[in-house]
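Okay, structure first, notes after.
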Amino acid sequence: MIHACLLFLAGVYALQLSSFASDSDPLTGSFVAIILVLLWWRVRAVLVAAAGVALFAFAATSVIDQRIATQFVGDSMVVEVRIIDFPQRKGLNVNFAAENLNNSRVPRRIRLSWYQPPVGIRFGDVWQLELRLRRPRGSSNPDDFDYEAWLLRERVGAVGYVVDGHRNLLLRSGDLHAIGRLRQRVVDRVMALVPETETAAVLAAISVGARHLLTAEQWQRYARTGTSHLMAISGLHVGLAAAGGYFLAALGAGLLRLRKNQHFIATIVAACVAVGYALLSGSAVPAQRASLMIAIVAASVLWRRQVQPLTTIAAAATLIVLGSPLASMAAGFKLSFSAVLVLIWLAQRYQGDVVGRRLLKPVVAVRQLAGVQILLLLGLLPLTALMFGRVALLAPLVNLVAVPLFSVVTVPLTLAGLLLDGSLQPFGDRILLLAGSSIGLIQMLIDRVAGWPMASTTVAAVSGHAWLIIAAPLLWVALPPGWPGRAVAFPAMIALLCYQPQRPPIGCADIDVLDVGQGLSVVVSTRQYVLLFDTGPSYRGGSDAAKTVVMPFLQARGIDRVDLLVVSHADLDHSGGFESLATGVDVVDTRLGEMLTKETHATDYCRAGESWYRDGVRFSFLHPQTDSLYQGNDASCVLLIEAGAHRLLLTGDIERPVEEHLVRDGQLPPVDVIIVPHHGSRTSSSLPFVRALSPQIAVASAGFGNRWGFPKDEVVRRWREAGATVYATATSGAIGMRLCDGGGLVSLTQNRVQERRIWHE
């Protein structure tokens, strides 16, 4: 059975890992299934793996086919919707998932944002809303969060925003099924009872899986200390609920002196409690996994069958995927099952050490608990490094205290407090307040440790031979104590933490035009030098491209310092991430095209004639002049990068007047690559400017489906007629290039093309 489950899951993941680029090698993910087939070489194996591929393909295409039709994108449509989950507020913006109730042009499930709604938005509200929708699409950058994959997993067929106006009407409230009403009641009760907002947010999260109240700062602290798992209803919570159900059922059966097998009755109750609590918590993957494993174990007990841990976990994984194939895409699916495998392996290895010891000495118990935490850190390290680019080094220390306190105090008190409702609510509220006090203690520990310099460290994206070291920490988990080579895990872990991707050789520069939507951000790196040209846009919800795209990209490249930050001019699509970048990254020097705000501390400006060499590459500002009176777009910094006789020009948003000035003064040599001015607007890319540059490559940084229609067709045609191949981040995603003094443009990558998956537009 285990082999069949592995083959089935291999088929499911084969399609997820397959690239559909037209110029790629054969589907890489299919090799997983082929290798497994060769190992067993049975027709049944082929059929099982093929079933996994087919099931995921059917589930994915059924969601993709329901996406909003292209002809309706951008239209204003009045739709009656029901809010189907807890809305999340980010600054002045409210994001929520909704179900379409009456409009045949709109997919059933949509995701919306509403800027400054006139009233509070609640789970279960039914609204008539005026919407503007688009097809699910996100930015495409190397090693970035795949927003389109997340939307597919959530079965979202369209995303968009609410148009302010008189058409938006609240039709009714509380349109929820029984479980939804209960979840909303618990959240309301907790929020009214607990005065500390952060504590109340944690109580809501661990009681009914409502994590919408947790702030970004809280998540950051939990990530740094490796305690994010405490906020998700998982095996810990479901197991404790099942144990409580078993104890109460056994006690009740004993008091009532039931003649039937009391153990069987208590087992059935425990399984029912586990399944019921998983449903109450929102049925996240970890809760599903725990409840299914408990139900399988209960069935084995009732049928007097021997429980096989690996068979149980394999069956639970298969059942989840059969019920919801897209759930296999969730990080919680991979981490939850991986953690259980580590714990099962650990329990089997040390089973003999515990037999015969009815009462372990406290020192031994603490030592074993610490050992479990270290093994979990090493066992999950490959996944956490790959998925999150972070390793919480002090997680074993924090969890050594937090997990027992959560298990023995916080979760039992929370569940007991929630059960005491109705006439017993005053007693339940007191218990909930005690649970809140225990959360306060845990948060004090987390806050203290999160501030330590070595609490957490980021990990650069691995490539090439570095893949050999990312799995080496598993040796400490997989091999028994005393085996030769086991200790290699720790040097490998250090090597992984210290890993730096290969930088370009002397005389070369890597240029990455990031996909930041309607804006611009370009990372230029040489052997030991990093320049960032513009920071991308800011958003109404309070976030910006520096947080969501630029800084994660720098982290993935192992870059923790920007030697020069150039902000071409003050428009928010170029400077929106300035403050986030200045506070989140070590920026050595800054140049501005014009003053951003009165609070801006940087006083150095781009000035024509300033040039410098780094690692065999020359950088020169061509505009603006020292006494320039240009403002706005025409104040943009123009930067020329030269690797020998090969050149790349960064132009910001300059328009025709500046272009004509540069051509007239003879400052424009022919270039290999041009970052098209002003995203491909008609106000730029004048014919004399284009002819003077005559590039091989022209790159327009523009958002997909932007309202201005950038890059304009006539601008694209003009660059093509000059001999350039035109690329746009809207369709290519992030565009990476290497410019060298010996060979010119030696490589060019398009992230959306080369990393395309079945769900990508």
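The values are calculated or read from the model by the stated rules, or taken from the named source; none is laboratory data. As the structure is a computational prediction, the values presented were derived from the model and not from experiment. As a convention, Cβ positions derive from the backbone with ideal geometry for all residues, glycine included, and neighbour counts pool all protein chains shown.
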(request) For Pro688, indicate whether it is assigned by TED's automatic domain parsing to the domain that holds Leu520 and either buried (at least 20 other Cβ atoms within 10 Å of the Cβ) or farther than 30 Å from Asp713 by Cα (or both). (result) no
(request) Give the residues of region 734-761 that are of a type in the set (D, E, K, R), closer than 20 Å to Leu151 by Cα and outside any loop (DSSP other than H, G, I, E, B), sorted by residue number. (result) Arg752
(request) Considering each of Asp164, Asp188 in turn, give the residue that is over 30 Å from Gly138 (Cα atoms) and not aliphatic (A, V, I, L, M). (result) Asp188
(message) I'd like the full set of residues that are free of Cβ contacts under 8 Å to residues at least 40 places away in the same chain and either surrounded by 24 or more Cβ atoms within 10 Å (Cβ to Cβ) or of a type in the set (Gly, Ala, Ser) (or both), limited to region 517-553.
(response) Ser525, Ser538, Asp544, Ala545, Ala546, Val550
(message) Name the single residue that is farthest from Ala69 (Cα to Cα) among those in region 79-120 being among the charged types (D, E, K, R) and in a loop (DSSP other than H, G, I, E, B).
(response) Asp85
(request) Please give the number of the condition Leu596 fails out of (1) closer than 27 Å to Pro505 by Cα; (2) surrounded by 16 or more Cβ atoms within 10 Å (Cβ to Cβ); (3) within 36 Å of the chain's Cα centre (by Cα); (4) without any contact (Cβ under 8 Å) to a residue 60 or more places away in the chain. (result) (1)
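Take the residues in region 624-671 that are small (Gly, Ala, Ser), part of a loop (DSSP other than H, G, I, E, B) and surrounded by 14 or more Cβ atoms within 10 Å (Cβ to Cβ); name whichever of them is modelled with the lowest pLDDT.
Kept after step one, since they are small (Gly, Ala, Ser), are these residues of region 624-671: 628, 632, 635-636, 643-645, 652, 666.
Among the residues that remain, those that are also part of a loop (DSSP other than H, G, I, E, B) are: 628, 636, 644-645, 652, 666.
Imposing the further condition that a residue be surrounded by 14 or more Cβ atoms within 10 Å (Cβ to Cβ) reduces the set to 628, 636, 644, 652.
Details: Ser628: 81, Ser636: 96, Gly644: 93, Gly652: 94.
That would be Ser628.
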(message) Please return the ranges of helices (runs of 4 or more DSSP H) entirely within region 202-309 where 2 or more residues are among the hydrophobic types (A, V, I, L, M, F, W, C) and farther than 27 Å from Gln348 by Cα.
(response) 216-225, 235-256, 262-280
(message) Which condition from (1) closer than 27 Å to Trp612 by Cβ; (2) modelled with pLDDT of 95 or more is the one that Ala570 breaks?
(response) (2)
(request) Could you check how many residues of region 85-99 are over 20 Å from the mean Cα position of the chain (by Cα) and either at pLDDT 95 or above or not assigned by TED's automatic domain parsing to the domain that holds Glu154 (or both)? (result) 2
(request) Report, by residue number, each residue of region 307-343 that is over 28 Å from the mean Cα position of the chain (by Cα) and surrounded by fewer than 17 Cβ atoms within 10 Å (Cβ to Cβ). (result) Val307, Gln308, Pro309, Leu310, Thr311
(message) So if I check each of Ala489, Ala472, Ala435, which one is in a loop (DSSP other than H, G, I, E, B) and not basic (Lys, Arg)?
(response) Ala472
(message) Looking only at residues that are crowded, with 18+ Cβ neighbours inside 10 Å and touching a residue at least 60 places away in the same chain (Cβ under 8 Å) in region 53-76, which one is farthest from Gly11 (Cα to Cα)?
(response) Ile68
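Tell me which residues, restricted to region 319-359, are assigned to a loop (DSSP other than H, G, I, E, B), at pLDDT 90 or above and aliphatic (A, V, I, L, M).
To start, the set of residues in region 319-359 that are assigned to a loop (DSSP other than H, G, I, E, B) comprises 324, 330, 350, 355-359.
Filter once more, keeping what is at pLDDT 90 or above: 324, 330.
Residue satisfying the conditions is Ala330 alone.
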(message) Can you tell me which residue is surrounded by the fewest Cβ atoms within 10 Å (Cβ to Cβ) among those in region 475-486 that are of a type in the set (A, V, I, L, M, F, W, C) and not in a helix (DSSP H, G or I)?
(response) Trp483
